[in-house]
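Here is the structure we will look at.
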Amino acid sequence: MTSRMKPAIDIIDQRVRHAMRQVTGIEDCSAIVTPATNAKFGDYQANGAMALAKKMKTNPRKLAEQVIEKLDVSDVCQPPEIAGPGFINLRLKPEFVIESLRQMHSDPARLSIPPAEKPRKTVVDYSSPNIAKQMHVGHLRSTILGDAICRMLEFMNHKVIRQNHIGDWGTQFGKVILALWHVCMAIDVHKKSYFKNDFERLQSNKDNKNELYKICMQIRDRHDKDYINDQLEEFGDAKKYFGRFLEKLDDIIDEIWPDILLAYRFVNLLDDILPGMGLRIITREKKDNEWKPVERPYEHLTRKITVMLQQGGEENCQEEDAWHSVKKATMEHCDYIYQLLNVTLEHPRDSRGESFYKDMLAGVVEDLQKQGLAVDSDGAVCVFPEGFKNKEGDPLPFIIKKSDGAYLYATTDLAALRYRVDELKARRIIYVTDSRQKLHFDMLFAVARKAGWARDDVELSHVTFGSVLGEDGTPLKTRSGENIKLRELLDEAIGRARSVVEQKNPDLSEDQKQQIAKAVGIGAVKYADYSNNRTSDYIFSFDKMLAMDGNTAPYMQYAYARIKSIQRKAEKSGVDVEAELKDLTGIEFTQPDEIALAKYLIRYGEAVEMALADYRPNFLTNYLYELTQKFSGFYTNCPVIKAPPDSRRQRLLLCELTAGVIKHCLRELLGIEVVEQM
RNA sequence: GCGCCCGUAGCUCAGUUGGAUAGAGCAACGGAUUUCUAAUCCGUGGGUCGGGGGUUCGAAUCCCUCCGGGCGUGCCA
């Protein structure tokens, strides 16, 4: 039976608080226990007496003296000391440190970290790629940050429900369908990929308005002709070619996938350019049960398709299959990236895209109207939550239905939130998106609270993060201004790691080299992200993240590999490491490097706690970095294999636990692989 | 205009409800290798914590103000 103890800092905090309560009679005293700022003050310090003395207007030093009289920490620390204006300094007892190490050793799965006392069912909403787009750097942070949060929560025994809120509904829905139609026309009618040519022409003329107008007019003319050509009167919209094309789509989609991606970008680009040009396009609308050709502004086309689809109905049902095909192909790509990144997100298990909520959207709007929270405003349906103002100082709207009848992400997010609370029984919902969406989530939460869809027993939090920047300090893009594909970025990381392995350790087998390159390359990208404070932007640099010095994945992996090497060598020289660590009595650390490492090892639980409290993995990486630095000092000054048996045994223990912590933190909590040699 | 975030060493960044002398890495300079992986370690220099004011035993941290930057701000997500 293994016993698990709270981190020392929590034990001390509790005891000091108790003592403060006894002295002052005040219930909620705050002990403010932190790691000592300087080793000469001990291991921990309690600053709470000073803060409390201020509140009570008494002498802080005297209060501190009264507190330590009542303070019983004799099982954990040496007698406390008071310093300066009223710091209470605490030094861990060697026996406590050694006992803690023993417990960690006897509990390799948890390293003696107790699970949460009150597990909470938690929904984590993260990654959220878009349909018909390849994942790019913009998805990196949400995906891996969300993954680390899920891993940490699960480690602490919370029930986690991952929700990949895929962007598969809304405006881009119409764009995808239009893009598919272009691909169909290109293949079946024109027998050539005209949109590729058009796309390039539009791009290369982006500063020449006259030329753009001419190109758009040509595109419009072809579109009109194709559109009329694609009609079958008795069936309605786009049936002659497009209908047949959709029937075979599933079989050919892999082959034409690059075309679909390009056509999608073509439609997007066109949508950016068209407004203000006044070009009109032929389409049809059903009036009195009869289809009538009508002219509409070209730029309204994708929106029109979107609305048709959101309205559903028999006439609009042909796209359903197309939709599934595109989604399937997109998610296969995403799954590949997830596997490469080693994140615990799987399609379809964790997917619940925007489209999942489509039938709940009307109900969301209705219910808010019934409650009197949603009102008409300029033709749109809006909620005006308290405390939000626009530039004129007027109430800021949370728009849940557009004037053209379409729903927005506000509506979808409300429906999703309601579903998560009512159906998934979430008691905490964590949204991992970039900080630019802060206002949206603040308003979302305000509306959900006001509507009674999230009560006080449900915690809502928006975990924000900054942008990934290029070396020039602007958002990371290719030279031509496009988002960098995640796939390409990761491949390059692996390639760079590979060449380092090749250089440093050419004798390894092909398999080993590739395995190390992958672990190091992917690990480097993820670790670099984790080690930055999530709220700030950071500059992406392969050279820095793959450096062997400093707070990088390779440095941690190297430390781990060195320990493994020691253990292998020890075995080779006839030491049975496991047997040696069976009996852990009579240990006594004498070397400063041993003591520093031992004391730092037992603080792993503290680091996990801090990282989870604020969803900041950089606390974990900071801890790992300090741990490995302390290990390096130990490694340099304390030989293991050549040490006398008693000394060797306790040094092997430190090695074993250091490796255990590195591996657990990297692999279990951050999803970064370790390697036995590198 | 208003709101949110940010400004820490030449560069990239940490800094745990306000705590003792503000820390790393890179770059620069100087050392260490017959030694368990030198993909390493040790040392040196480098700071008006954007400026100013305030709160107090004590401020990079909290408040005010100014300067500089990023993002957001009614029908994208």
Qualifying trypsin sites (Lys or Arg not before Pro) for the range A:452-529 [loop in DSSP, other Cβ within 10 Å: at most 13]:
A:R455, A:R479
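Mind checking the range A:79-143 for GluC sites (Glu not before Pro) that DSSP puts in a loop (not H, G, I, E or B) and that have at most 13 other Cβ atoms within 10 Å?
Counting only loop positions with at most 13 other Cβ atoms within 10 Å, the GluC sites (Glu not before Pro) in the range A:79-143 are A:E117.
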Work out from phi, with θ = phi - 60° and the Karplus expression 6.51 cos²θ - 1.76 cosθ + 1.60, the ³J(HN,Hα) of each residue of the range A:328-336, listed in order in whole Hz, and give x for Gly and Pro.
4, 5, 4, 6, 5, 4, 4, 4, 4
Out of A:N316, A:Y298, A:P258, whose Cα points farthest toward the positive end of the dipole of the range A:171-317 (charges: +1 Lys, Arg; -1 Asp, Glu; placed on Cβ)?
A:Y298
Pop out the ³J(HN,Hα) list for the range A:29-44 in order, Karplus 6.51 cos²θ - 1.76 cosθ + 1.60 with θ = phi - 60°, rounded to Hz; leave Gly and Pro as x.
7, 10, 7, 6, 8, 9, x, 4, 6, 8, 4, 5, 8, x, 9, 9
What base-10 log of the normalised intensity I(q)/I(0) is obtained for the range A:218-268 from the Debye formula, alpha carbons as equal point scatterers, at q = 0.21 Å⁻¹?
-0.94
Identify, among A:Q78, A:M20, A:A8, the residue whose Cα sits farthest towards the positive end of the charge dipole of the range A:8-92, taking +1 on the Cβ of Lys and Arg and -1 on the Cβ of Asp and Glu, with the dipole about the Cα centre.
A:M20
Cα axis of helix A:645-663 to longest principal axis of chain A: angle in degrees, 0 to 90, nearest 10?
20 degrees
Choose one of A:L180, A:L232, A:G276: the residue whose Cα lies farthest towards the positive end of the charge dipole of the range A:171-317 (beta-carbon charges +1 Lys, Arg; -1 Asp, Glu; about the Cα centre).
A:G276
The size of the Cβ-based charge dipole (Lys, Arg +1; Asp, Glu -1) of the range A:95-190 about the Cα centre, to the nearest 20 debye, is 180 debye
Residue-normalised value, i.e. accessible area per residue, for chain A at 1.4 Å probe, in Å², stands at 47 Å²
By the mean-Cβ-within-10 Å protection proxy, highest first, A:397-403, A:156-162, A:43-49 rank as A:43-49, A:397-403, A:156-162
Could you list the trypsin sites (Lys or Arg not before Pro) in the range A:276-370 that lie in coil according to DSSP, counting only those with at most 10 other Cβ atoms within 10 Å of their Cβ?
A:R349
Sequence-distant or interchain residues sharing an amide H contact under 5 Å with A:I400, placed H: which?
A:V381, A:C382, A:V383
Check A:I539: other-chain or 5+ apart residues with amide H under 5 Å from its amide H, H built from backbone geometry?
A:L469
From the Cα gyration tensor of chain A, with a ≥ b ≥ c the square roots of its eigenvalues, which class applies: rounded if a/c is under 1.5, or else prolate if a/b is larger than b/c, or else oblate?
prolate
Would you mind listing how long the range A:171-317 runs along its three principal axes, going by Cα atoms, in whole Å with the largest first?
44, 37, 25
Which whole-Hz couplings ³J(HN,Hα) result when phi for each residue of the range A:551-567 is put into the Karplus expression 6.51 cos²θ - 1.76 cosθ + 1.60, θ = phi - 60°, listed in order with x for Gly and Pro?
7, 10, 4, x, 5, 5, 5, 5, 4, 4, 4, 5, 5, 4, 5, 4, 5
Quick one: Debye curve from the C-alpha atoms of the range A:486-669, no solvent, what's log10 I(q)/I(0) at q = 0.15, 0.17, 0.19 Å⁻¹?
-0.94, -1.13, -1.29
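How large a share of the accessible area of chain A, in percent, is made up of carbon and sulfur atoms when the probe is 1.4 Å and the other protein chains stay in place?
Using a 1.4 Å probe with all protein chains present, chain A comes out at 48 percent carbon and sulfur.
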With +1 assigned to the C-beta of every Lys and Arg and -1 to the C-beta of every Asp and Glu, and no other charges, what is the dipole magnitude of the range A:540-601 about the Cα centre in debye, to the nearest 20?
280 debye
Cα axis of helix A:242-273 to longest principal axis of chain A: angle in degrees, 0 to 90, nearest 10?
90 degrees
With +1 on each Lys and Arg Cβ and -1 on each Asp and Glu Cβ, and nothing else charged, work out how big the dipole of chain A is about its Cα centre, in Debye to the nearest 20.
1540 debye
Measure nothing but the geometry: give the 0 to 90° angle between the long axis through the Cα atoms of A:301-311 and the longest principal axis through the Cα atoms of chain A, rounded to 10°.
70 degrees
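The values are calculated or read from the model by the stated rules, or taken from the named source; none is laboratory data. The structure presented is a predicted model; accordingly, all values stated were derived computationally and were not measured. Cβ: placed from backbone, ideal geometry, glycine included. Neighbour counts: every protein chain shown. Ligands, DNA and RNA are stripped out before the accessible areas are found, and what is left, the full protein with its side chains, is counted by its heavy atoms. Shrake-Rupley method; radii C 1.70, N 1.55, O 1.52, S 1.80 Å.
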